[in-house]
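Engineer: Just dropping this structure here.
Bear in mind these aren't lab numbers, they're just calculated from the coordinates by the rules spelled out. A quick note: this is a predicted structure, and the numbers were derived from the prediction, not measured. With ideal geometry, Cβ positions are generated from the backbone for all residues, glycine too; neighbour counts draw on all protein chains shown.
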Amino acid sequence: MQNWSDPRTTTASPAVSVGVPRAARDAGLRSYMLSVYNLMASGVLLTGIVALGLAATGVAAALFSHPILKWVAIFAPLVMIMVMGAKSQSMSTGGLRTFFFAFAAVMGISMSVIPLIYSGSSIATTFFATSVAFLSLSLWSYTTKKDLSGWGTFLIMGVVGLIVVSIANIFIQSAGLSLAVSAIGVLLFAGLTAYDTQKIKSLYAHVAGSDMQGKVVIMGALTLYLDFINMFQFLLSFMGNRE
């Protein structure tokens, strides 16, 4: 998860909703969430196009056979996430949007090795399964009256633990542990999809009509993009057929 200044920690003016008809607020919220989903979907599409294009042209095979460039491709998205989180407040909305698409493209480079490892049919099946799960969870979270804010600490701690175990398994090389990590990873990012959707929705009341709204849309799209991509990769490693 990216580290950025949550607008809920700032003082929001209550005037954003006072005197505004309920129908208008609902329409504004729907427009706001649609902007988040559209931007997130555009990022996923760009990532897929870049990944498949590099794999089909042989660039991915050459890149990941290089002893140095493969590590650059793997860790570049992580560096960009850190930069985006740290600079989100100082960047303009246009600059932040451009950086988001640049990140999605670089993520495509990092993921271009996937078509070299897994069969096309298993990638397509997993992508479809991830899309259905993501949409179902996000829709449920958007409409439910249940407060999911209590999930946050548990889910973030789970992700941190998952990262530690994954790093340890690089040295252990346990197939069983790898399978367990993938299964737990799917569950954690499924939970984060629901949690983050509700969190993004709740931010609307604090940023509606302000200069912050555009940036919150972009960072919200980034959050859901990461949930989707991580859920897809864990699910693929769990159920994908290798070439």
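Engineer: Quick query: amide H of residue 118 versus all other amide H atoms, modeled in the peptide plane; which residues come in under 5 Å with a sequence gap of 5 or more or a different chain?
Structural biologist: 243
Engineer: Same structure, new question: Strictly greater than 12 Å: what percent of every Cα pair in the range 94-150 meets that? Don't jump to the answer; show the numbers that get you there.
Structural biologist: Working: 1229 of 1596 pairs.
Here the tail beyond 12 Å accounts for 77 percent of pairs.
Engineer: Also, I was wondering about something else. Run lengths n ≥ 4 of DSSP H only: what is the helix-derived mean residue ellipticity at 222 nm for the chain, with -39500 (n - 2.57) per run over all residues, to the nearest 500?
Structural biologist: Details: 9 runs with 190 residues, N = 243.
The helix contribution divided over the chain gives -27000 deg cm²/dmol.
Engineer: Follow-up question, since we're still on this one. Can you list the lysines whose alpha carbon sits under 16 Å from that of residue 145, skipping same-chain ones fewer than 8 residues off?
Structural biologist: Cα-Cα hits under 16 Å: 199, 201.
Engineer: Another question, if that's okay. Please report the orientation-averaged projected area of the chain, defined via the convex hull of its C-alpha atoms, in nm². Show your work: numbers first, answer last.
Structural biologist: Values: hull surface 55.4 nm².
Seen from a random direction, the Cα hull of the chain projects 13.8 nm² on average.
Engineer: Okay, moving on. Using every pair of alpha-carbon atoms in the range 127-237, split the distances into 5 Å bins beginning at 0 and state the percent of pairs per bin, rounded to integers.
Structural biologist: Using 5 Å bins, I get a P(r) of 2, 12, 19, 21, 18, 13, 8, 4, 2, 1, 0 for the range 127-237.
Engineer: At a Förster distance of 25 Å, what's the computed FRET efficiency of residue 75 paired with residue 202, Cβ-Cβ distance as r, to 0.05? All intermediate terms of the calculation are to be shown ahead of the outcome.
Structural biologist: Numbers: r = 33 Å, r/R0 = 1.30.
According to the calculation, E is roughly 0.15.
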